[in-house]
1. What about Gly11, is it at pLDDT below 90, of a type outside the set (Phe, Trp, Tyr) and surrounded by 10 or more Cβ atoms within 10 Å (Cβ to Cβ)?
2. Condition test on Thr51, is it at pLDDT 80 or above and either of a type outside the set (A, V, I, L, M, F, W, C) or over 24 Å from the mean Cα position of the chain (by Cα) (or both)?
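The values are calculated or read from the model by the stated rules, or taken from the named source; none is laboratory data. Bear in mind that the values here come from a model prediction, so they are computed numbers and not experimental data. Please note: Cβ atoms are built from the backbone with ideal geometry, for glycine as well, and neighbour counts cover all protein chains shown.
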Amino acid sequence: MCMNSSEIIPGTASSTLCSTFRLRRLPSKRYNLRVQGLNRRRKLAVVGAKTEMEIKNLKLYMENQTIMEENLKLRKKALLLHQENQALLSQLQKKFILSTK
């Protein structure tokens, strides 16, 4: 529509169209680079938060595994103590029965 400024006659409709076209043109390259940089930082922040959550999740998982292993050991120990208690109680009852006869 308007190739160079020598073709534009001030005060005409074509000069108005050309000036509005200039106002609507794409943002400058510097602006685009700044926006891209901000978007990159935002993505890195999101990725950083995601990585941080994954690390925290892994630590909690490892702690949970340790607790479950300790729980299993304590259950086995409790079972052995219960069996020993039953055996001692049985022996005590036998002695008590023999002593009453």
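1. no
2. Yes; evaluated as a whole, the condition is true for this residue.
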